[in-house]
Structures are given as structure tokens and as C-alpha cells.
1. How many residues are surrounded by 12 or more Cβ atoms within 10 Å (Cβ to Cβ) and either polar (S, T, N, Q) or in contact with a Ser or Thr (Cβ under 7 Å, 6 or more places away or on another chain) (or both) if we restrict to region 62-84?
2. Since residue 243 meets every condition but one in (1) part of a loop (DSSP other than H, G, I, E, B); (2) over 22 Å from the mean Cα position of the chain (by Cα); (3) loosely packed, with under 13 Cβ neighbours inside 10 Å, which condition does it not meet?
3. Residue 132: aliphatic (A, V, I, L, M), surrounded by fewer than 21 Cβ atoms within 10 Å (Cβ to Cβ) and within 18 Å of the chain's Cα centre (by Cα), yes or no?
4. Do you know which of the residues in region 182-217 that are of a type in the set (Gly, Ala, Ser) and modelled with pLDDT under 95 is nearest to the chain's Cα centre (by Cα)?
5. Within the bounds of region 93-104, is there any residue that is of a type in the set (Gly, Ala, Ser), more than 16 Å from the chain's Cα centre (by Cα) and either surrounded by fewer than 22 Cβ atoms within 10 Å (Cβ to Cβ) or farther than 27 Å from residue 209 by Cβ (or both)?
6. Quick one: in region 137-154, which of the residues that are surrounded by fewer than 18 Cβ atoms within 10 Å (Cβ to Cβ) and assigned to a helix (DSSP H, G or I) is farthest from the chain's Cα centre (by Cα)?
7. Which numbered condition trips up residue 111, out of (1) in a helix (DSSP H, G or I); (2) loosely packed, with under 15 Cβ neighbours inside 10 Å; (3) at pLDDT 90 or above?
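The values are calculated or read from the model by the stated rules, or taken from the named source; none is laboratory data. The structure presented is a predicted model; accordingly, all values stated were derived computationally and were not measured. Positions of Cβ are backbone-derived with ideal geometry, glycine not excepted, and every protein chain shown enters the neighbour counts.
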Amino acid sequence: MTGTVATVSCVLRRQASADSLQDVGQLISDFLGPDPNLSLSEACAFRSLPLLNWIWRVSCESTASRTSQWTLNNYLRSDPKYYQWQFQKAAIVAASNGHLDVLKWLFEHFSGCWTPVMVPEAAAKNGDVAMLQFLLQHDAGRAFKYKRVEIPLESATSFETRPQLQKNWKGPGNVVYWGGRCIAFAMRGNNFEAAKWIYQYSPHSYSGEDIMLMIQWALTAGNFELAEVFLPRGRKLLGFAVGCPHLDVLKMVIEAGILRFDEAGAAETVELLVPHGRLVFSSSTHLLDLGEMGT
């Protein structure tokens, strides 16, 4: 259980019967402390490490040390399933709020837990490369072989990379699940450095279809540099550029002349140029961007 709050100890030491008031100090401290039914994951939203330390200290470490009164403090550290569940929920809260200090606290105090893919996804969505780096550096799963796991979603299918843990693995450390929609979330938020880092350093492997979509996302954003990072060896960006609506990509496609032999692609490119206010000359053998209308 927790010790006496420093301010309470200071006040009691000034009393004549200070030695006999130690138990009173404990009671006062418990009264002044947080609600015993405040979950750790809820407390993480306050970004107060002293609060997290308090909850951790007052939590029973075994079933034998539980109090007779029903509180969440009885279960955080003594019930394996609740322990795991709170770690996962708390890690998602910390990552979603961009609180790396809270995430570090969780990894320091918990062990033998798995970090759901929603945690690196939240970091990717925020463009938080520092948090992604921390997750990789402290991923105990790197000591194991990985497997690609198909995860059905409401309207699509996602794939996660998970370590193949030994039966009844309990640590040390915590493992991290990678993949999912990490790069998609990073790209949607224009967090291109995060997307690049995830592709280059996370243990997740990508299918050919994944790569195609990632290149098209990068080109749609006009980020040629990132598209080159995703580009498979021996391939050219032009092979993925037709149909991309970004003006610079449309210009590249037209200048390359590849649409002379692609009637459908040429028609689509003309349609994509119109919203940009471009005047286009088109014939059966040539497609030319004549510049901005009215110039």
C-alpha cells in the first residue's frame, strides 16, 4: 500500500504525540488520494505521473493482499487479465494523446503484455516518429519470429505483424503489434516522415497491392520523394502514375508521352486536368497540356 503523503507527515510531526499518529497519517493520505475506482487507463488522460505512481502503489500485488472492500485497486496488479486489459487501454490513451512520457511509464511498470496495433496506428496518425521509435526500441517481440495475421474489419481486411511468442510468455518487456493501417493513417494526415519511417523500420511486410496503393497515395499528395521510397526495385513511377489527380503527376504523365498508346488513360487524364483549370489539346495521337485557361 502507499506511504503517507509528505505534507501529511510534515503536519503530524509537529504534533506532541507524533509517534502514535502514524496510522492516522496513512488514513488521511488514503482519504486525500485518488478514487480507488479510478482506472489506470482513465488516469492516463490526466498526464500526471505522480497520479499513476499513486495508483500503482496502492494496487494489491496478490489476491491475498486484497482489501475486503471492492475497488479496482484490488485487481490492477493481482488479476492477470485486468492487468493486460488496462495496459492495452492505457497505451492507446497515451498514444492517442501524444503523451510519450506516459507510454514510457507504462512500459517501465508493466511486463508480459502485448501492445495492440491501435497504439502505433495512433502514433502514425499524429505523425509522432519519436513515439514510433520508442515502440520499436522497446518491442520485446523483436526476439521472436513474426507472422502476418489477417484481421477482418467492417469494410475491408487489414494485416498485422505479430511475434510468435512462446506459450505462457510473461516477459520481460512487452511486445508490439505492427502493420494494420499505420501507413494509411500517416498518409491521410500528411505525416510523410512517419509513413517513411514505418515503411523503412517497422517489422511489418507489405504485399504488392499494399505497395501499389502506398505509391498512389504518395503521388496523389505530390510527394515524389516518398513514392520513390516505396517503389520496388526495377520499377518506374510512371507505371503507377496514370489516373493520379495531382497536377505535377499529370504533367509528368503527359510529358512522358505514354498516353499516346492508352486511349482510356488519355481520356481520364483530360478529365483530371479540368478541375485544375488546364486547357488540353487532345487528338488520336497526341495529348498536350496548353497551360492555364485564359493565359
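1. Residues in region 62-84 being surrounded by 12 or more Cβ atoms within 10 Å (Cβ to Cβ) and either polar (S, T, N, Q) or in contact with a Ser or Thr (Cβ under 7 Å, 6 or more places away or on another chain) (or both): 11 in total.
2. So the condition that residue 243 fails would be (3).
3. Details: aliphatic (A, V, I, L, M): yes; surrounded by fewer than 21 Cβ atoms within 10 Å (Cβ to Cβ): no; within 18 Å of the chain's Cα centre (by Cα): yes.
When the stated conditions are applied, residue 132 does not pass them.
4. Among them, the one singled out is 184.
5. The initial filter retains those residues of region 93-104 that are of a type in the set (Gly, Ala, Ser), namely 94-96, 98.
Restricting the remaining residues to those that are more than 16 Å from the chain's Cα centre (by Cα) gives none.
No, there is no match, as no residue in region 93-104 is of a type in the set (Gly, Ala, Ser), more than 16 Å from the chain's Cα centre (by Cα) and either surrounded by fewer than 22 Cβ atoms within 10 Å (Cβ to Cβ) or farther than 27 Å from residue 209 by Cβ (or both).
6. By that ranking, first place goes to 143.
7. (1)
Condition check ((1) assigned to a loop (DSSP other than H, G, I, E, B); (2) modelled with pLDDT under 95; (3) under 28 Å from the mean Cα position of the chain (by Cα)) across all residues:
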| site | (1), (2), (3) |
| --- | --- |
| 50 | no, yes, yes |
| 54 | no, yes, yes |
| 57 | no, yes, no |
| 61 | yes, yes, no |
| 67 | yes, yes, no |
| 70 | yes, yes, no |
| 81 | no, no, yes |
| 84 | no, no, yes |
| 88 | no, no, yes |
